[in-house]
Amino acid sequence: MYFILRLIVFIYMWGIFTAQKEEESTEEVKIEVLYRPENCSKTSKKGDLLNAHYDGFLAKDGSKFYCSRTQNEGHPKWFVLGVGQVIKGLDIAMMEMCPGEKRKVIIPPSLAYGKKGYAEGKIPPDATLIFEIELYAVTKGPRSIETFKQIDTDNDRKLSKTEINHYLKREYEKDEKPRDKSYQNAVLEDIFKKNDHDGDGFISSKEYNVYQHDEL
């Protein structure tokens, strides 16, 4: 099972699934469950960190416009559910999924890219989309107060490279799969590149915290 790290969501704010603001619609996402594990003690909910692969197709002609397996060296995508890191239709479609579950979903234009489409992603205007999804892991959202405090071992309200590196190492060990140290180093560098906005070598509570908790 892919159980890597809660912080990895820092990295993957990929553009192709940026949510588009559309008017509310009565159209619904159609969900077909292709496979659901018999034992399912935890299902996905808003704010959870998900790890999944998915392929995207145009309903009109069945052509594939996206495949997560062809990006990031084939690693599944990490994202927080229900906060707009993917299109609204996928946020809806992946609620209450079990780890290991597979779904086929049909998303209407109003819950995808609407009348504008997404030219860069080869999605025309008013396109109905089909996604085939395989969910690997459901974990607690990455930027909670609790997680920040776990990483911030010296309690100085900011995260150093050493602290985050130790956290990544512990998460990799939970996975019980061999990991190339160079990959972990690349993840660490990318985290700081995308989150250390003031360039001081630390990730502050404000830079870290998606949900802007006052406690931080």
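Just so you know, all these numbers are worked out from the coordinates, no wet-lab data involved. Source: prediction; values computed, not measured.
Amide H to amide H distances under 5 Å link F65 with G56, F57, L58, where only residues 5 or more positions off or on other chains count and H is placed in the peptide plane.
A simple rule links phi to the HN-Hα coupling: the Karplus curve 6.51 cos²θ - 1.76 cosθ + 1.60 with θ = phi - 60°, which for the range 45-58 gives 9, 4, x, 6, 8, 10, 10, 8, 10, 7, 10, x, 10, 7 Hz, with x for Gly and Pro.
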